[in-house]
Amino acid sequence: MTRLFLCDTTISVSSASQCGFIGCFECCIKCLGGVPYASLVATILCFSGVALFCGCGHVALTGTVSILEQHFSTTASDHALLSEVIQLMQYVIYGIASFFFLYGIILLAEGFYTTSAVKELHGEFKTTACGRCISGMFVFLTYVLGVAWLGVFGFSAVPVFMFYNIWSTCEVIKSLQTNMTVPGDQICVDIRQYGIIPWNAVPGKACGPILENICNTNEFYMSYHLFIVACAGAGATVIALIHFLMILSSNWAYLKDASKMQAYQDIKAKEEQELQDIQSRSKEQLNSYT
């Protein structure tokens, strides 16, 4: 009898612990199901792209100013306007980084609260006209930011193009020195033709070995590759905003359908309540007659 009792007790304890494990597992599955993975991926991509663009762009702009001052514009007054513009762009980069950090968190929170799994966890929620208006405002704002970042992406490709031209010219000079066909002194790069410094800037251009030495400097190498990474970061931000736009449009459609379903359920509940009132009054009248 004792063995049977101990065996039954053991089975009941293990069954209880197994049930508790299953309950915890189901709870974890529900919690994981409540995570808006699409919004999470878009947020990570947006943060990464903005961080690459802002960080690499800031350092690359500083290196560009150093290259211009040392090799293409020795007079400070010639590139004073360019230095002010670059300094202003660096401050704008600070603002962009702060704004998108906050905006990405807001969009991620909006994704959490419009996920259907959250509705199952916390019960029915009522969608108001204000909530749908805010969701629509996010759609419009994200669309505007996406168009703006397309312009930023195109603008960030300009310094990559300029540095690539300089680097390719240096490669041509190296190949000519190897083949000994044409002297490298005849091949030059004139920065003034890009419009970033005035035509009276001295020297304004670099030729032959001087240009090759510029390409071998650490500032040129770092600035060139940082501009490439910044351009890639701007492209990643554009992709993230397009991803956000699709998510927000889907969430807005979900809220719109939920509001219609809510109105239908309210009308249905009102009709059922009226029917119950009619039935209860008829029963009371029948009881009074009997």
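With respect to I267, determine if the residue is surrounded by 14 or more Cβ atoms within 10 Å (Cβ to Cβ) and either at pLDDT 80 or above or within 43 Å of the chain's Cα centre (by Cα) (or both). For I267, the condition - surrounded by 14 or more Cβ atoms within 10 Å (Cβ to Cβ) and either at pLDDT 80 or above or within 43 Å of the chain's Cα centre (by Cα) (or both) - is not met.
Among residues of region 123-157 being of a type in the set (A, V, I, L, M, F, W, C) and closer than 17 Å to L108 by Cβ, the one that is modelled with the lowest pLDDT is I134.
Of all residues in region 195-228, those being under 30 Å from V50 (Cβ atoms), at pLDDT below 85 and open to solvent by 30 Å² or more (accessible area, probe 1.4 Å) number 2. Screening S73 on (1) open to solvent by 70 Å² or more (accessible area, probe 1.4 Å); (2) at pLDDT below 85; (3) closer than 26 Å to C231 by Cβ shows it passes everything except condition (1).
Among the residues of region 173-194, the one identified as of a type in the set (A, V, I, L, M), modelled with pLDDT of 85 or more and in a helix (DSSP H, G or I) is I191.
Among the conditions (1) open to solvent by 60 Å² or more (accessible area, probe 1.4 Å); (2) among the polar types (S, T, N, Q); (3) assigned to a helix (DSSP H, G or I); (4) at pLDDT below 85, the only one that T62 does not satisfy is (4). Residues in region 161-172 that are farther than 15 Å from K205 by Cα and either crowded, with 18+ Cβ neighbours inside 10 Å or without any contact (Cβ under 8 Å) to a residue 24 or more places away in the chain (or both): 4 in all.
Looking across region 195-242, just one residue is part of a helix (DSSP H, G or I), under 20 Å from V85 (Cα atoms) and among the polar types (S, T, N, Q), and that is S223.
The set of residues in region 76-88 being within 20 Å of M222 (Cβ to Cβ) and either part of a loop (DSSP other than H, G, I, E, B) or open to solvent by less than 60 Å² (accessible area, probe 1.4 Å) (or both) consists of H79, L82, S83, I86. In the set (1) among the hydrophobic types (A, V, I, L, M, F, W, C); (2) within 26 Å of M222 (Cα to Cα); (3) at pLDDT below 90; (4) surrounded by fewer than 17 Cβ atoms within 10 Å (Cβ to Cβ), the condition left unmet by L68 is number (4).
The values are calculated or read from the model by the stated rules, or taken from the named source; none is laboratory data. Just so you know, these numbers come straight off a predicted model, no measurement behind them. Glycine gets a Cβ as well: all are built from the backbone with ideal geometry, and neighbour counts include every protein chain shown. Calculation scope for accessible area: heavy atoms of the full protein, side chains included, ligands and nucleic acids excluded. Shrake-Rupley method; radii C 1.70, N 1.55, O 1.52, S 1.80 Å.
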